Each structure stands twice: as structure tokens, then as C-alpha cells.
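Note sheet for the following structure.
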């Protein structure tokens, strides 16, 4: 056997039968990426890394967790006190959920500003919204598993929302409970689904990446790459950027794990679940607070539930609500201000959802709810028709050169 054969023999042998190394080289090394991507494009890969960590830590936690109403709370305490480094794995997993939502929300915020949902990337965006919905379901069920006071009563409030569905509402609630009240069957099925859904997320993420590589990444200018000069190979130019972003994320994540592990949690969840004692203020995790504020913004329960679900489902039709020919907000003089008003409305909803539903928090929540839906259903369609965008650059490699005509 020659030296050359020894060097590439095994890889070539595998590639001839299963071209996995060829695929990695093509899609992760030589993959042509727009040369002007900034650090806002880090969040997609960071979300993937967090997902892997969450699955790995979740498997280790499941080895010691007991999905039974009489033992669930104590099994979590056993993990924290008796299992070697159990406290580290649990805090990593618990705060990892918040890191996951922070990264994904920023990832979507970048997509909204730079028009990454527009043609030909509509299906890429829709798959991203599906991932968000699966994340929400997984996070909610995971929040129930410690079986503390907030876990139990949060599950009670959220599952009861399905009772507003005409004809089938009560049957759906009983199916979710596994009986006529929240009890052991509820905890068992929530545990099973919480374990299963992350692997479903991995499958949708794979489809998301396939859709991404069909047309390539969007970029801050929002224009398509035209020549080879407009692109760079993904490695090493963007792997270096991703590593830097990962270092920042790990630093922030590590701070919460070691110095403020319960920053995102509720003190009531360190009290065992008691169906006879209702907490004074039932609140979901912070990443659900904007939707919780929308739910409470109207006095009618059915209307509130409809608005809450519509706040997510409106994202599915976003590519067809915004018909502007220009993707990037950098070249849309009115859109950029309307967009940041919408972001302020989302932050206001998060603040309102954490307060008691009365007085100014309730009023501000209602105003922010109106602004949230006005942005999608009125502002974007009107801007698509009447806004006059700025002229677009000729190419990515010549960002300061503009054609003589303006985009109409």
C-alpha cells in the first residue's frame, strides 16, 4: 500500500459508498456564501449548537428523572444533590432553554429586518416558524416536568385554553390530561413528548438547511449574488465568525449557570405541586410572556386564545403580506422606523405579560397587541404599495455603486 493510498484510502473508500465527506466539504467548507454577512448571521449556527447541547443534557437528565407525580419533584432534587455534576447538567439544560429562545428570536428578528422571508426563501421561512412552534411546545412540556407549583398551575392554565375550541374543546383537554384532571397520566405524556419533540425539531432543522442551501443565505443588502466575486467559501471565513459568536454565547450562558442559575426561574417552582393551593400570580417562562399578554389583552377568553395563536400563525403568511420588491430594511426608509416600533411593541408585551392584568400594564398590553397585528396586517401591505425604496447597489462586491434608475 502506497503512502498516498494510506492517506486518503479510508475516506475515499467511505465516500465511494456513502459520500458523507464529499457532502461535508461541499456544503460546509466550499459552500459559496455572500461575502458581506455580519455577526447577525451567527445566530442560525448558534441555535443548532444549543439544540445539540439541549438534547445531550436532556438525555442525561432523563436517566435520573422519574415521571410520576409522587416522585418527580424529589427526583429533580436527587439530580441536584446526589448525582455527580447533576446540578451542572440541570442548570445547563434549564438556562439553555432561555439561551435557545434568545438566539432564535434574534435569528428571526434579523430575518424580519433583512427580508429573509421573501422569494425565493418562503419555504425556508415557513420551516423556521414550524421550528419555533415545536420549540414552544417542547419548552412548555419541559417546564411542567419539575412538578413544582408553577409547573402544575402553568399546565392547568395552558391546557384549559383548548377548551374554547367549539365542539371538541373539552375532549381535547381530557386527552391532554389523560383523564379528568391533571395527574400522573398528564405528567407521563408530557415527559414522553418532551423527550420526543427535540428529535422532531432536528428533522425540521435538516429540511430548513436543505431549503437554505437551495438558494443560499440572504445578506444585509438583500440582493442576490451575481458573480464569484460576491462570495466567499464558508470555511474558514465564517467558521471563524461562528466560533467567536459561540465564545460570546458560552460566556453569557456560563454566567447564568454559575452565578445566576435561577435568574429566569420562578421561586414558586421550588415548592412541590399542590392542587389545593393556587399561586398568587401564575406566569409562564419569559419567552412566552408576549403571547401571554396578548391572551389577556381582551376580556373574552375565546378571542384571547384566537389572538394568541394568531400572533404566531401570522408569521406563516408573512411572505405574502409584504410584497415590496426590496428585501433589506436598509433601503426602505419608512419600513425601518415601523419595524423598530413593532420591536418596541413586542418588548412592551413581554413587560405587560409579567405584570398583573390591571391598570397601566393591561392598557399598555392592549396598545402593544394592536401595534403587533397592525404591523403585519396593515403596515406591511400599505408600505408594499406606497413606499418608495432607495436604489439598490449593483452587486455585493460593489455596495456603493448604484444604477441610474430607482426600484419602483
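The values are calculated or read from the model by the stated rules, or taken from the named source; none is laboratory data. Quick caveat: nothing in here was measured; it's all calculated off a predicted structure. Note that each Cβ is placed from the backbone with ideal geometry, even for glycine, and that neighbours are counted across all protein chains shown.
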Pairs with Cβ under 9 Å, 6+ apart, first in the stretch 243-256 and closer than 16 Å to residue 51 by Cα, second surrounded by fewer than 13 Cβ atoms within 10 Å (Cβ to Cβ): 245/39
Give the residues of the stretch 73-103 that are part of a helix (DSSP H, G or I) and out of contact with any helix residue (DSSP H, G or I) (no Cβ under 6 Å at 6 or more places or on another chain), sorted by residue number. 73, 74, 75, 76, 77, 78, 81, 88, 94, 98, 102
Note down all Cβ pairs under 9 Å where the first residue falls in the stretch 171-190 and is more than 12 Å from residue 275 (Cβ to Cβ), the second is loosely packed, with under 13 Cβ neighbours inside 10 Å and modelled with pLDDT of 95 or more, and they're at least six residues apart or on different chains. 184/70
In the stretch 12-56, what count of residues is obtained for those that are touching a residue at least 12 places away in the same chain (Cβ under 8 Å) and under 30 Å from residue 398 (Cα atoms)? 20
Within the stretch 315-326, can one find any residue that is in contact with a helix residue (DSSP H, G or I) (Cβ under 6 Å, 6 or more places away or on another chain) and loosely packed, with under 14 Cβ neighbours inside 10 Å? yes
Tell me which residues, restricted to the stretch 57-72, are exposed (fewer than 15 other Cβ atoms within 10 Å of the Cβ) and not in a loop (DSSP other than H, G, I, E, B). 59, 62
Looking at the stretch 114-147 only, could you name the residues that are surrounded by 19 or more Cβ atoms within 10 Å (Cβ to Cβ) and over 27 Å from residue 38 (Cα atoms)? 138, 139, 140, 141, 142, 143, 144, 145, 146, 147
Any chance the stretch 193-201 includes a residue that's in contact (Cβ under 8 Å) with a residue 12 or more places away in the chain, within 22 Å of the chain's Cα centre (by Cα), over 21 Å from residue 299 (Cα atoms) and exposed (fewer than 14 other Cβ atoms within 10 Å of the Cβ)? yes
Could you tell me which numbered condition residue 26 fails, if it satisfies all but one of (1) over 27 Å from the mean Cα position of the chain (by Cα); (2) outside any helix (DSSP H, G or I)? (2)
Is it true that residue 374 is closer than 18 Å to residue 110 by Cβ and either assigned to a helix (DSSP H, G or I) or in contact with a strand residue (DSSP E or B) (Cβ under 8 Å, 6 or more places away or on another chain) (or both)? no
